[in-house]
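What follows is a single structure, written as structure tokens, with notes after it.
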Amino acid sequence: ERFTIVQSARVVPERVVTNDELATFMDTSDEWIQPRTGIRQRHIVSTEDTSDLAVGVATKLLNQAGLTADQLDFILVGTMSPDTLSPSVAQIVQGKIGATNAFAWDLSAACSGFVYTLSMASALLTTRYQRGLVIGAEVLSKLVDWDDRSTAVLFGDGAAGVLLERTEAETGLLAESLKTFGERSEFLTAGQQRNANYFAGELKAADPYFKMNGREVYNFATREVPAVLNEALAKASLTPDEIDYYLLHQANGRIVSSIAKRFGQPIEKFPTNMAFYGNTSAASIGILLDELREAGTIKPGQTIAIAGFGGGLTVGALIIKV
Ligand SMILES: O=C(O)C1CCN(c2ccc(-c3cc(CO)ccc3Cl)cn2)CC1
């Protein structure tokens, strides 16, 4: 499917929290966190909410491209941590940047959010529209139980995205494999909404926090990510060697290296930055992609694979010619 990534951008909160700072109020340490997760620090909001980070990304994308917001056909935001149920983050962005010709909505697929959202945008560009934004934006710090060291050390806040345009060139989505395992959804939950009414009283209290069965999610990822990568490669008639870079969701450094090993590909093809951002769910692949494009590591003509995995449980891989 034909699209080009015209621009990419990222926005992370200024406030950096290191593992050592967490250790000042939590029973944890850099010696525990870094070897197990690859994480050394994360960015945490001070005043911003998810939509503020997303507006920052949208504004950067338009400025970098020399476009005005009224030239956008759509704005899709992948997030599991919206400011409100309504309006969605995408609709807040649409209003604040003045994208008067764009329709907008959020897609909720946890850490597969960027992958699922980019897949939807590719479908819109192939069938009907010319230009749109795909943004992954998260403020996971609002969903973290800061007394639960098993999850609090893993997550960070941030946003990133791409400006996409329909093209006749041979660039865009070569193949995809998206899979959902709802029967395992209990292994990674967050943001329960209270359910109560005048007639039935309180049916469910609101438990806003992350709950994760780390072992189950970890095993799910190491099994299902290779499966969707192999399926997408087969659909594209490509071998693993023909992929220049694999951009995996930045949840855990050991997962990335175990998948690289499983694939028999050099670890250099699996760049990581969770050391600096922690797990930013739907924002993680976009932040990595923007850093690699900015560094000139990822450049036109290459073929990359991106893969998300996590809550849902969801997993998905896209093969993209940039
Ligand atoms: O080694 C240890 O003791 C622990 C073992 C468990 N770990 C985990 C487990 C799962 C995740 C994770 C989370 C999400 C949520 O976005 C998505 C995808 C993944 Cl794979 C991250 N870390 C941390 C180190």
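For the reader, a short list of remarks on this structure follows.
- Selection count where residues are touching a residue at least 60 places away in the same chain (Cβ under 8 Å) and either near the ligand (Cβ under 10 Å from one of its atoms) or more than 24 Å from ARG36 (Cβ to Cβ) (or both), scope region 228-247: 11
- Single match in THR167, THR171, THR189 (criterion: of a type in the set (Val, Ile, Thr) and within 20 Å of the chain's Cα centre (by Cα)): THR189
- Positions within region 170-204 being among the charged types (D, E, K, R) and within 30 Å of LEU118 (Cα to Cα), in sequence order: GLU170, GLU176, LYS179, GLU183, ARG184, GLU186
- Residue check: GLN64 meets all listed conditions (1) under 22 Å from LEU118 (Cα atoms); (2) open to solvent by less than 40 Å² (accessible area, probe 1.4 Å); (3) not in a loop (DSSP other than H, G, I, E, B) but one, namely (2).
- Residue check, LEU53 within 26 Å of VAL217 (Cβ to Cβ), touching a residue at least 60 places away in the same chain (Cβ under 8 Å) and assigned to a helix (DSSP H, G or I): yes
- Enumerated helices (runs of 4 or more DSSP H) restricted to region 79-167, each holding at least 3 residues that are more than 21 Å from SER281 (Cβ to Cβ) and of a type in the set (A, V, I, L, M, F, W, C): 113-127
- Of all residues in region 120-140, those being surrounded by fewer than 23 Cβ atoms within 10 Å (Cβ to Cβ) and closer than 19 Å to PHE309 by Cβ number 1.
- A Cβ distance below 8 Å, combined with a sequence gap of six or more or placement on separate chains, defines the contacts here; from region 172-195, residues that are touching a residue at least 12 places away in the same chain (Cβ under 8 Å) reach residues that are surrounded by 15 or more Cβ atoms within 10 Å (Cβ to Cβ) and of a type in the set (Asp, Glu) in the pairs GLY172/GLU1; LEU173/GLU1; SER177/GLU231; LYS179/GLU224; PHE181/GLU224.
- Tally of residues being within 16 Å of the ligand (Cβ to nearest atom) and among the aliphatic types (A, V, I, L, M) across region 179-221: 5
Per-residue answers, yes or no, for (1) aliphatic (A, V, I, L, M); (2) within 30 Å of PRO266 (Cα to Cα):
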{"position": "LYS142", "(1), (2)": "no, no"}
{"position": "LEU173", "(1), (2)": "yes, yes"}
{"position": "GLY201", "(1), (2)": "no, no"}
{"position": "ALA205", "(1), (2)": "yes, no"}
{"position": "GLU216", "(1), (2)": "no, yes"}
{"position": "ALA221", "(1), (2)": "yes, yes"}
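- Qualifying positions in region 170-196 - part of a loop (DSSP other than H, G, I, E, B), more than 25 Å from LYS142 (Cα to Cα) and open to solvent by less than 40 Å² (accessible area, probe 1.4 Å): THR171, PHE181
- Residues of region 75-86 that turn out to be farther than 22 Å from THR314 by Cβ and open to solvent by less than 40 Å² (accessible area, probe 1.4 Å), as a count: 0
- Residue match in region 68-81 (condition: modelled with pLDDT of 95 or more, more than 26 Å from GLU176 (Cβ to Cβ) and touching a strand residue (DSSP E or B) at 6+ places or on another chain (Cβ under 6 Å)): no
- Of all residues in region 20-48, those satisfying the criterion of being open to solvent by less than 50 Å² (accessible area, probe 1.4 Å) and more than 30 Å from ILE304 (Cβ to Cβ) are LEU22, ALA23, MET26, THR28, SER29, ASP30.
The values are calculated or read from the model by the stated rules, or taken from the named source; none is laboratory data. This structure is a prediction, so every number in the text was calculated from the model and none was measured. Cβ atoms come from the backbone with ideal geometry, glycine included; neighbour counts cover every protein chain shown. What goes into the accessible areas is simple: the full protein's heavy atoms, side chains included, and nothing from ligands, DNA or RNA. Shrake-Rupley method; radii C 1.70, N 1.55, O 1.52, S 1.80 Å.
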